[in-house]
Structures are given as C-alpha cells and as structure tokens.
1. Could you figure out which of (1) surrounded by 14 or more Cβ atoms within 10 Å (Cβ to Cβ); (2) modelled with pLDDT under 85 isn't true of TRP57?
2. What number of residues within the range 29-51 satisfy the criterion of being part of a strand (DSSP E or B) and surrounded by fewer than 11 Cβ atoms within 10 Å (Cβ to Cβ)?
3. For the range 1-27, give me each residue that is under 11 Å from the mean Cα position of the chain (by Cα), aliphatic (A, V, I, L, M) and either assigned to a helix (DSSP H, G or I) or surrounded by fewer than 11 Cβ atoms within 10 Å (Cβ to Cβ) (or both).
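The values are calculated or read from the model by the stated rules, or taken from the named source; none is laboratory data. Computed from a predicted structure; not experimentally measured. Every residue, glycine as well, gets a Cβ built from its backbone with ideal geometry; the counts of neighbours run over all protein chains shown.
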Amino acid sequence: MPEKSARRLRRSVRNVDTVSHMGGAEFVLILPDIENDEAVEKACERILCEIRRPFPWTKKPPSTRLQTSA
C-alpha cells in the first residue's frame with residue numbers, strides 16, 4: 001500500500017515538490033517556494049483530499065494525519 005499512497009501523494013503536489021517514503025505509512029513532502037499561508041492551506045487540502053479517498057479494495061478511507069512545519 002505504500003506504493004499506492006506515494007503515487008497519490010505525487011499526484012497531489014507540483015513537479016518541483018518532493019515526496020519521500022520514510023518507512024511504514026510515513027511520508028515526508030517538501031514543498032519549496034510556497035508563497036504564503038493560503039498556498040500552504042490549499043496544498044494541504046489537495047494532499048488530504050487525494051490521500052483520504054478509499055482504495056478500491058476497501059470501503060472506508062484510510063486513517064490519515066497531516067503535520068506541517070516551516
């Protein structure tokens with residue numbers, strides 16, 4: 001499932017952003033050149049929207065938690 005999650009994460013960010021699988025279900029995303037708080041919020045919304053979609057083999061969305069730092 002980490003491969004499918006990574007694919008979803010890559011689809012939700014820009015080409016200049018980095019998605020890194022740290023292990024298990026943990027990923028780090030590096031989003032350079034974010035211009036303001038509103039852009040951060042929009043990026044987080046896109047990421048959460050994509051990653052919370054249920055996978056085809058399950059009926060419910062995966063459990064997710066998003067932490068941000070600057």
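1. Only one criterion is unmet by TRP57, namely (1).
2. The initial filter retains those residues of the range 29-51 that are part of a strand (DSSP E or B), namely 29-30.
Keeping just the survivors that are surrounded by fewer than 11 Cβ atoms within 10 Å (Cβ to Cβ) gives 30.
Summing the residues that are part of a strand (DSSP E or B) and surrounded by fewer than 11 Cβ atoms within 10 Å (Cβ to Cβ) in the range 29-51 gives 1.
3. Within the range 1-27, ALA6, LEU9 meet the criteria.
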